[in-house]
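Everything on this sheet refers to the single structure shown next.
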Amino acid sequence: MTLGVLAALGMAFVMFAGFWTDWLWYRSVKYSSVFTTTLWTKIGLFAVFGLLMAASVGFNIWLAHRLRPPLSAMSMEQQSLDRYRMGIAPYKKWLLLGITALVGLIAGASASGQWRTWLMWVNGVPFGEKDPQFGLDVAFYAFDLPWYRFLLGFGFAAAVLSVIAAALTHYLYGGLRVTSPGARATAAATGHLSVLLGIFVALKAVAYWLDRYGLAVKSSDFKATGNWTGLRYVDANAYLPAKTILFCIAVICAVLFFATIWRRTWQLPVIGFGLMVLSAILIGGLYPAIVQKFQVQPNEQAKEAPYVEKNLVATRQAYGIDGTEVEEYSGTSDTTDKAKLRADADTTASIRMLDPNIVSPTFQQLQQMRNYYAFPTNLDVDRYGGEDGAEQDTVIGLRELNLAGIPKNNWINDHFRYTHGYGVVAAKGTEATSGGRPVFTESDLPSKGDLGKYQQRVYYGEKTTQYSIVGGPQKEIDYSDDSGEKTTSYKGNSGVNLSNPVNRAAYAVAFSEPQILYSGAIGDGSRILYNRTPKERVEAVAPWLTIDGDAYPAVVDGKIQWIVDAYTTTNGYPYASRTTLGDTTADSLTADNSQRAVVAQQNQVNYIRNSVKATVDAYTGQVKLYQWDTQDPVLKTWMKAFPGTVEPKTAISDSLLAHLRYPQDLFKVQRELLTRYHVKDAETFLSGSEVWQVPDDPTNTSGSAVPPYYLSMKLPGQTDQAFSLTTTLTPNGRDNLSAFVSVNAEAGTKDYGKIRVLKLPTSEPIDGPKQVQSQFNSEQDIAETISLLKRGDSQVEYGNLLTVPLDGGLLYVEPVYVRGGGLKYPLLRKVLVTYGGNTAFEDTLDAALNKVFETEGPTTEPPPDEGENGTDEPPTTGDPTVQQALEDAQKAFEDGQQALKDGDWEAYGRAQQALEDALKRAEEAQANAGETGETGGSQGGENSDQSGEQGSGSG
């Protein structure tokens, strides 16, 4: 008994711990209303529908028992049932309570999962748009119809369970007989079961009526378009009248079942039910098939055209692509003035040479500083003011905590001492040094540069997935510099206070970590930080939002803020085709980095809006939600359900607005829809002659779609560059270019979100990205250079292939990186430029543009590589062997660059070999120094960190 009581108390405390820690967390982020609203809604639905189901089943069991016939002249069947009746007689009340409680719990648990459906129904806001078939507001399909369908499903479940329970009870007590002589059912049992069956058939009539409206959001396969949503000819002219007829038949059939109360015969209800089933087969199945076969197929385009028109309009509205401008673009330039073309190439786009998806290892080696720091696999592109005050595309990343690099992993180190990252590292997107390294605008530790003063500690980030306990007696490692290791103690108000022993016990259970309960490292002021990735935090405080796969950092008003794009979605927009976000947003980047995909959203949707911009403070973890789309009825509905959680758009500061951008995932969904829905007439849409596709990324072998790229550029007719998100599209099944698509990504401008499609001619095919890459790889001179760059263990990595419309033609630019010769990170070595059939492969973008356009333009010498002393020399170390090796490596590198310029491939090969040998010597010498320096690693890892710092310097 004692063990049983203790086990029950333990289970109760485990349940309490989960509830209590959730409440504490929501209260700590000041979104407790989300927790309470969601909780009370679930409890309410559980109680109401659980009680309704229990009452329904329990009442019918009680009624069947009450209507039992008197037991007389018992047959063999009844004699065999009598021992069951006698066996359960003493426990009838408990058995009834047990059955009703069980069905009530199951029904209540199922109903509580419908809390989103309930809140959307009770708070629904009109769309102000009506569907073209029934003239109902879109809100009926998005908010009302899902709730009605849930109620209908619940009613069916209650009716079926009540029929089963009543029939079993009647059989047990003699109201229904199988083998006994005489009537098979008593009059009371007949009347009781007839009413229940009548309720079931009445619910079926309601289902037929709702099915009429469901046709507007029904998905089906349509060979002309694939996935189809909405009514087609056969739906409007066969299924719709069939559902109406079946509704009428079901109503009549239900009335006949109810009439059995007085007639006491099953004859008419059974005939009516049989007629309903036969009608469902003939009218609901066979007749539509005949219409499709003999009316639609012989002249499909003419029959389906009016419904395709409705689908075209609805889909374009639902995905926000109805304002897309499609204009013809020749793809070949008529300009003969090469000097003008060369000048326009400089002003049309700020061509980004630094690929944020390749240079993360370069940031890692040059700016990691300590092994316990790391950068994300894919860096981000943002805009910051340069030295002249003008905004420039900037590649940015945070130096986040890397637990794998801690000198010694243990509970104290992992959760108390190493708790946060430190600083922003940023580089110009359009430049590289003479050695191919990034031109950093913010670097070093602590970080310094163009971004000014800001809180550099990063307690919340994309790589921060483990809890930390801060603010207590245990000091945290802050950062290290030449004077030694610095410590700090968290001063923010984030996290949950652990001073309370109940809180400590709850977290010890919730995290399965008993040391939280008794560790001396926890004391007054200790706070536990968890749910630390930006995506996790926004998803938790706004569970009704779908989160973009790529949060990005920005320095705003002296703070590092993670900016998170969030979407409102529904799958109830009539006539709009559905798509699966998780599939549509996948590309060559998400193939290797699952954090960049909207993996959680695998349900199909047919309406999406980037309605919320969210921020997460990297130091305090504070989450703020801002209304971005002020017209979105779905967001307005959720704002009614959770008042006070979303701040108005006017609350967005100008400094934050400067860093907001058009989200990649939304653009990927829209470009996928534009492959078919760029046309506006049904005939062209049905013919399939204008179907496009998103091409595979030609710069790698993943076979996945090419990602869209951020780029500051101006399109034809524009006078100034705008920060844009761009992509290319090709014909279905071919590699030539069909269209260039861009969207204005610069928040705060009047054209923000405006999509422009430059449509290429079909009569004169223009090379697409894959063909350009293939030509580049096949040119003999370029191929020879590439093979030389690959000598030894060197690897060539191709950067983003950027496409820029220029004076009627298309300019392709691709940076080429080399990782090798002992280097652990890629450096920009060459630039490919192609325009009008001319191709150049040079050391710098300016040189490549000069060669392509056969004229000299303004040339800017790349800045030199700066060592620790601010000169173009390798960094100094305390080890003379390492220093000599680094000096030899620098000389070999310079010799190789000179050999490339002279075209002396033999000398280049010798220089590469010398570079590789020198770097290997430096690496071996540092490894020996690192082994010596790690002897006291468990006491803070200071020596190990210094060794790691030298390792990054050697690169």
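Each value in this text was obtained by applying a stated rule to the coordinates, not by laboratory testing. Just so it is clear, the structure is predicted and the values come from calculations on it, not from any experiment. Cβ: placed from backbone, ideal geometry, glycine included. Neighbour counts: every protein chain shown.
Numbers at a glance
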{"read-out": "Two-decimal Rg/Rh across the stretch 207-318, once Rg and the Kirkwood Rh are taken from alpha-carbon atoms", "value": "1.13"}
{"read-out": "The stretch 700-774: relative contact order as a whole-number percent, Cα under 8 Å and 6+ apart", "value": "23"}
{"read-out": "Three-way shape call for the stretch 421-500 based on the alpha-carbon gyration tensor, with the a/c threshold at 1.5", "value": "prolate"}
{"read-out": "Rh by Kirkwood over Cα pairs, then Stokes-Einstein D for the stretch 641-732 at 1.567 mPa s and 4 °C, µm²/s", "value": "78"}
{"read-out": "Inter-centroid distance (Cα atoms) of the stretch 407-471 relative to the stretch 197-253, Å", "value": "58"}
{"read-out": "Within straight-line cross-link reach of Lys303, lysines at Cα separation under 27 Å, skipping those fewer than 8 residues along the same chain", "value": "Lys130, Lys218, Lys223, Lys243, Lys293, Lys680"}
{"read-out": "Nearby aspartates and glutamates by direct alpha-carbon distance to Lys491 (threshold 20 angstrom, same-chain neighbours under 8 apart not counted)", "value": "Glu400, Asp414, Glu476, Asp478, Asp524, Asp557, Asp617"}
{"read-out": "Taking all pairs of distinct alpha-carbon atoms in the chain, Kirkwood radius in angstrom", "value": "32.9"}
{"read-out": "Packing rank of 553-562, 418-427, 128-137, where each peptide gets the mean count of other beta carbons within 10 Å, highest leading", "value": "418-427, 553-562, 128-137"}
{"read-out": "Stretch gain in nm, segment Ala47-Leu9, where the contour uses 0.36 nm per residue and the Cα spacing is subtracted", "value": "11.3 nm"}
{"read-out": "Placed amide H near Ala185: partners under 5 Å, 5+ positions off or other chain", "value": "Arg177"}
{"read-out": "Order by protection proxy (mean Cβ within 10 Å, highest first), peptides 340-350, 849-859", "value": "340-350, 849-859"}
{"read-out": "Rounded to 5, the percent of DSSP beta bridges in the chain classed as antiparallel", "value": "95"}
{"read-out": "Straight-distance crosslink candidates among lysines, where the alpha carbon sits under 22 Å from Lys824 and sequence neighbours closer than 8 are dropped", "value": "Lys428, Lys463, Lys790, Lys891, Lys920"}
{"read-out": "With Cα atoms, 0 to 90° folded angle of helix 664-677 axis to the chain main axis", "value": "70"}
{"read-out": "Cα-based shape type of the stretch 157-280, given that a ≥ b ≥ c are square roots of the gyration tensor eigenvalues and the cut on a/c is 1.5", "value": "prolate"}
{"read-out": "Dipole magnitude (debye, nearest 20) for the stretch 504-648, charges at Cβ of Lys, Arg, Asp, Glu", "value": "340"}
{"read-out": "Protection-proxy order for peptides 478-487, 654-663, 375-384, each taking the mean of Cβ atoms within 10 Å per residue, highest first", "value": "375-384, 654-663, 478-487"}
{"read-out": "Cα centre as origin, Lys/Arg/Asp/Glu Cβ charges: the stretch 207-318 dipole, Debye", "value": "220"}
{"read-out": "Folded to 0 to 90 degrees: helix 300-318 orientation relative to the chain principal axis, Cα", "value": "70"}
{"read-out": "P(r), alpha carbons of the stretch 712-844 - 5 Å bins starting at zero, rounded %", "value": "2, 9, 17, 18, 16, 14, 11, 7, 3, 1, 0"}
{"read-out": "Relative contact order (percent, whole number), the chain, Cα cutoff 8 Å, 6+ residue spacing", "value": "12"}
{"read-out": "Relative contact order of the stretch 207-318, defined on C-alpha pairs under 8 angstrom at six or more residues apart (%)", "value": "28"}
{"read-out": "Angle between the chain longest axis and helix 240-263 axis [Cα atoms, degrees, rounded to 10]", "value": "30"}
